[in-house]
Amino acid sequence: MRFRNLGHAVFAATMIALGITGLVMGPASGNFSPTWDPVPSGVTPHVALMYTGLIYLCAFISLACGIGLLWQRTAAPAARVLFAWLLIWFLQFRLIPIVKSPTMDRLWPGFEGAVVLAGAWVLYIGFATGWDRQRFGFVAGDGGLLIARVLYGLALIFFGLGHFIYPKNTVSLVPGWLPWHLFWAYFFGCTFIAAGVAVIVGLYARLAAALAAFQLGMFVVLVWVPIVAKGSASTFQWSETVVSWALTAGAWVIADSYRGMPWVGLSKRRPRA
């Protein structure tokens, strides 16, 4: 067992947890585990057996690829399969619905999925073999890294804008012991936007990616963990907790991709996953 960086370990553990959750709870509830859910109603299979089979498939891919990422010999194929499946899922169940109807209830899961996809993409590039670079040179090289980081940057900008579009919802999540709730809602909205721009432009990108990952992680610790710890969390709150942690894991991987780069200035070299 060998971890190339902490983000790699966290992402693998997150995929394993999602896989176990999907296998244990998914078929019983009839829902996909967080990050895979929601599936637009218009594309839901009419045959219940097919729908359940898809739930099992997503859970199995999460679990198997998460375990595969833990070992050096299986890390490359696991990263390849996970990235491919997340890309297919993103294009089919996130991007196409957004193009057809760019409503907020489709944009939110779309950008959340983009962060997880970007994290898996960076891992795939880091573990890419000669076979991958020969057949998928652009996707497995610097071009793919650029796209993954842009996806992540766009998601951060969207999350930041959400603080301004839904200030009341954001304020309601600010811990009660903090003063000036509205200030913090707008402040962290600005920091998300600033980090997203920095990642896309490549200026101060390492610092921005690290701070954004830290901010997402603190959101889990300060907002969702206390809610869950009370023992009365709703299904929605549990789901949001899992999604927020998955976003943190993806952000962590992307932040680690800047290792060896300067904290300030331009950051454009490929990752060392």
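Of note:
- Checked against (1) surrounded by fewer than 19 Cβ atoms within 10 Å (Cβ to Cβ); (2) not in a helix (DSSP H, G or I), residue 258 passes all but a single condition, namely (1).
- Segment 219-251 - residue that is more than 23 Å from residue 184 (Cβ to Cβ) and out of contact with any Ser or Thr (no Cβ under 6 Å at 6 or more places or on another chain) and, of those, surrounded by the fewest Cβ atoms within 10 Å (Cβ to Cβ): 231
- Among the conditions (1) of a type in the set (A, V, I, L, M, F, W, C); (2) under 24 Å from the mean Cα position of the chain (by Cα); (3) part of a loop (DSSP other than H, G, I, E, B); (4) loosely packed, with under 14 Cβ neighbours inside 10 Å, the only one that residue 164 does not satisfy is (3).
- Scanning segment 182-212 for residues that are among the hydrophobic types (A, V, I, L, M, F, W, C) and over 17 Å from residue 163 (Cα atoms) turns up 198, 199, 200, 201, 203, 205, 207, 208, 209, 210, 211.
- Subset of segment 197-218 (residues that are buried (at least 21 other Cβ atoms within 10 Å of the Cβ) and under 17 Å from residue 244 (Cα atoms)): 209, 212, 213, 216
- Counting only helices (runs of 4 or more DSSP H) that sit completely within segment 81-141, those holding 2 or more residues that are touching a residue at least 60 places away in the same chain (Cβ under 8 Å) correspond to 104-127.
- Taken over segment 128-154, the residue count meeting the criterion of being among the hydrophobic types (A, V, I, L, M, F, W, C) and in contact with a Gly (Cβ under 7 Å, 6 or more places away or on another chain) is 2.
Taken together, the values in this text are just the output of simple stated rules run on the coordinates, not laboratory data. Because the structure is a prediction, the values reported are computed rather than measured. Positions of Cβ are generated from backbone atoms using ideal geometry, with glycine treated the same way; all protein chains shown enter the neighbour counts.
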